[in-house]
Amino acid sequence: MVKIKIKDLCFGYASTQILENVSIDIHKSSFVSIVGPNGAGKSTMLKCLNKILTPDSGEIHIDGRNLRHLKRMEVARNLAYVPQSSNRIFPTTVFETVLMGRRPHLGWFINENDKEKVWQVLDELGIEDLALSSFDELSGGQQQKILIARALVQDTGIILLDEPTSNLDIWHQLDVMEIVKKLVNNRNVTALMAVHDLNLASKYSDQILMMKDGQIVSAGKPASVLTSENIANVYGVEAHVHTHAETLYVMPLKQLVMSIDA
Amino acid sequence: MLYWFSGFLPPYPLLSRTAVKIMQNPFKKQSDSHKPDDTGGSGGTDNSQVREDYQRHVGRKLLFLSYMLLLVTLFAAFIVTIGPLDISVPDVYKILLAKILPISVEGLPTQIVWNIRMPRIVAGIMAGFGLGICGCVMQAVLKNPLASPFTLGISSGANFGVAIAAVLGLGVIGGPYMVIGNAFLFAMLCALFIIALANFKGATSETLILAGIAMNYLFGSLSDLFRYFATDEQLRVMISWGMGDLSAFTWNNFLLLLVIFVFCTPLLYLKANDLNIMTIGDENAKSLGIDTNRVRMSSMLLASLLVATIVCFTGTIAFIGLVAPHMARMMVGSDHKYLFPAAGILGALLLISADATGLYILGSTIIPTGIMTSLIGVPFFMYLILKRKRKEFW
């Protein structure tokens, strides 16, 4: 079943085109990774899906409904977004931070249900004890988990993650990927993740979209996308792809070109 | 009193316990997560402990708010009994009670208590509360700890309006309200300029503060220019207004201030959840369903309306709008459900106590409110900064 349908999506700023005619169907409860060099348009695509940015042309349908006709609050009830990091001006506690994720479901009053939801998610992620700590004083890995918790209490069918692992050590990288994988498997959530680490993408995703210069170059199962040819074309890097325990691993060997910036 | 405040600082003591827990069994924890029946069983003593802590945390904030409210009432009740003219404490309360009970009182003391002291206290509470919450709202929607009616140039705009009225005798409305009318108009013009800059040019909050400070200089220089050519009488109007003075407030102005106050305050407080979310940045806020531009525009408009109304009656009281929200944040944390009323109540408390000190300290000479607010407020604020363990105090 198609959960997200993107058709001829274009987005650009005054001087540069970021996304050019991106079209893709994403199926329900699949784990999709978006890979590609810096500036390929991965984050921009996520932000278009989330209505943080408004596309210049093209259509996005969520569950068959056109995104253009959905109110922002309605979008927030269907798609949750986990930013790469969140720097804030004023200190908030972890509990307050996660509770913000309930905003699309409530008015002024926060009732016990909403609080219970927050406790439940904090408990599931094993971070209940952090509830009263200040968000800024936590480690990068803990902060990332709390941002994921905020997205989880949003109770959405789709979760978008913008490079959630890029500032984390390998333990926390696996931790975050496991959490998302479980969401997809156990709660039928559809996850769309921009990620730089090809090995993480290969290990966890059902589908990989490889992007370059605002276009999807290759899409499909990890084995069909992560080939030496594709990596050489998209990244300008010679890489060795090998299989270990039924998972593909990419080992970059050397740069093939002087520059890959468009 | 200072020692007593520190008991209400939000606690951050839970880090070490968690670190241990995460190291112990991350995989076990995750393997049984996401089951619907997960919460009840795995609860244990540890989890209920943190929930209890949270309840206490919330209870402490509510307690703090009610203490502060009580303190404002007590201060007001005390301040009404002091002043240059000696009126005994029972007499003062008899005069006040006469307003609701059928007791007959008359003469000069009645005039002084009811028409001079009471308006001053009422103005102090409303202005302090209003400046506190407006500072709080502006800091949230502009995501900047430096935002305040003063730093955004709103007060200095009003100041310039007063200069025009005093020196040129020009005003939007004539008669006794010319000074007030001009102050309001120029304060609103300044505010609208800042709001327009934020919404239509998409200026960052740093740019807005810079623009506000630039406006401060511009209007400051223009006011100085007028001051340079002013006669002694004109100068007196400008100076007393510029230093902030609650004595100009009378019962005649009360109704107008009350109407604006009752209109703006609930509307702003209703945005408490959105204000929380605005502080985490526009992209994050949008992803949580907040129409950031609309929230920013409407909050700034309401706050500016309230500030302009207050400032045109009381003159420039710079310190409260900037610092009351920070003090409140140190005491109740960043959740605007509590921060908003706390900033207001603290603002009111600061303003009336400073004003009362100014009334009393030099005997028959009354020190203007604006001067006393800074003289009392700054040392208190510095104390809070130094006492705080965190490096950043907001």
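Just so you know, all these numbers are worked out from the coordinates, no wet-lab data involved. Please read all numbers here as calculations on a predicted model, not as lab measurements. Every residue, glycine as well, gets a Cβ built from its backbone with ideal geometry; the counts of neighbours run over all protein chains shown.
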| request: Restricting attention to the stretch B:358-372, report how many residues are closer than 20 Å to B:Leu322 by Cβ and in a helix (DSSP H, G or I). | output: 5
| Going through the stretch A:61-97 one residue at a time, which ones are at the interface with chain B (Cβ under 8 Å from one of its Cβ atoms) and of a type in the set (Gly, Ala, Ser)? | A:Ala76, A:Ala80, A:Ser86
| Hits in the stretch A:93-113 (condition: surrounded by fewer than 22 Cβ atoms within 10 Å (Cβ to Cβ) and of a type in the set (Val, Ile, Thr)) | A:Ile110
| Residues being more than 12 Å from chain B (Cβ to nearest Cβ) and under 10 Å from A:Leu200 (Cβ atoms) - total across the stretch A:167-185 | 2
| Within the stretch B:305-317, is even one residue in contact with a Leu (Cβ under 7 Å, 6 or more places away or on another chain), in a loop (DSSP other than H, G, I, E, B) and in contact (Cβ under 8 Å) with a residue 60 or more places away in the chain? | yes
| said: I'd like the full set of residues that are assigned to a strand (DSSP E or B) and of a type outside the set (A, V, I, L, M, F, W, C), limited to the stretch A:61-75. | reply: A:His61, A:Arg65, A:Asn66
| remark: Of the listed residues (B:Leu346, B:Leu255), the one being buried (at least 22 other Cβ atoms within 10 Å of the Cβ), closer than 28 Å to B:Trp114 by Cβ and not basic (Lys, Arg) is B:Leu346
| task | Residue by residue through the stretch B:103-131, note down the ones that are in contact (Cβ under 8 Å) with a residue 40 or more places away in the chain and in contact with a Gly (Cβ under 7 Å, 6 or more places away or on another chain). | result | B:Gly128, B:Phe129, B:Leu131
| query | Can you pull out the residues in the stretch A:202-218 that are buried (at least 18 other Cβ atoms within 10 Å of the Cβ) and in a strand (DSSP E or B)? | reply | A:Gln207, A:Ile208, A:Leu209, A:Met210, A:Met211, A:Lys212, A:Ile216, A:Ser218
| task | May I ask you to list the residues in the stretch B:344-366 that are among the aliphatic types (A, V, I, L, M) and out of contact with any Ser or Thr (no Cβ under 8 Å at 6 or more places or on another chain)? | result | B:Ile345, B:Leu346, B:Ala348, B:Leu349, B:Ile352, B:Ala356, B:Leu359, B:Ile361, B:Leu362
| task | Report whether or not A:Pro37 is surrounded by fewer than 21 Cβ atoms within 10 Å (Cβ to Cβ), more than 7 Å from chain B (Cβ to nearest Cβ) and within 21 Å of the chain's Cα centre (by Cα). | result | yes
| query | Would it be correct to say that A:Thr156 is of a type in the set (Val, Ile, Thr), closer than 20 Å to A:Asn78 by Cβ and either at the interface with another protein chain (Cβ under 9 Å from one of its Cβ atoms) or part of a loop (DSSP other than H, G, I, E, B) (or both)? | reply | yes
| message | Could you go through the stretch B:340-352 and let me know if any residue there is of a type outside the set (A, V, I, L, M), more than 14 Å from the chain's Cα centre (by Cα) and farther than 25 Å from A:Ser134 by Cα. | response | no
| So which residues in the stretch A:186-199 are in contact with a strand residue (DSSP E or B) (Cβ under 7 Å, 6 or more places away or on another chain) and within 11 Å of chain B (Cβ to nearest Cβ)? | A:Val189
| request: Being farther than 16 Å from A:Ile159 by Cβ and polar (S, T, N, Q) is the filter; apply it to the stretch A:114-149 and report the residue that is farthest from the other protein chains (Cβ to nearest Cβ). | output: A:Gln143
| said: Being under 20 Å from B:Tyr383 (Cα atoms) and within 9 Å of chain A (Cβ to nearest Cβ): is that true of B:Gly333 here? | reply: yes
| task | Give the residues of the stretch A:98-113 that are part of a helix (DSSP H, G or I), more than 10 Å from chain B (Cβ to nearest Cβ) and not aliphatic (A, V, I, L, M), sorted by residue number. | result | A:Glu112, A:Asn113
| query | Do any helices (runs of 4 or more DSSP H) entirely within the stretch B:219-292 hold 2 or more residues that are away from chain A (no Cβ under 14 Å), and if so, which? | reply | B:232-242, B:251-269
| Does B:Phe381 satisfy the criteria of being touching a His at 6+ places or on another chain (Cβ under 8 Å) and either closer than 24 Å to B:Leu152 by Cα or in contact (Cβ under 8 Å) with a residue 40 or more places away in the chain (or both)? | yes
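Conditions (1) in a loop (DSSP other than H, G, I, E, B); (2) in contact with a strand residue (DSSP E or B) (Cβ under 8 Å, 6 or more places away or on another chain); (3) surrounded by fewer than 23 Cβ atoms within 10 Å (Cβ to Cβ), marked per residue:
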| site | (1), (2), (3) |
| --- | --- |
| A:Ile4 | no, yes, no |
| A:Ala14 | yes, no, yes |
| A:Ile24 | no, yes, yes |
| A:Glu59 | no, yes, yes |
| A:Arg77 | no, no, yes |
| A:Ser86 | yes, no, yes |
| A:Ile89 | yes, no, yes |
| A:Lys115 | no, no, yes |
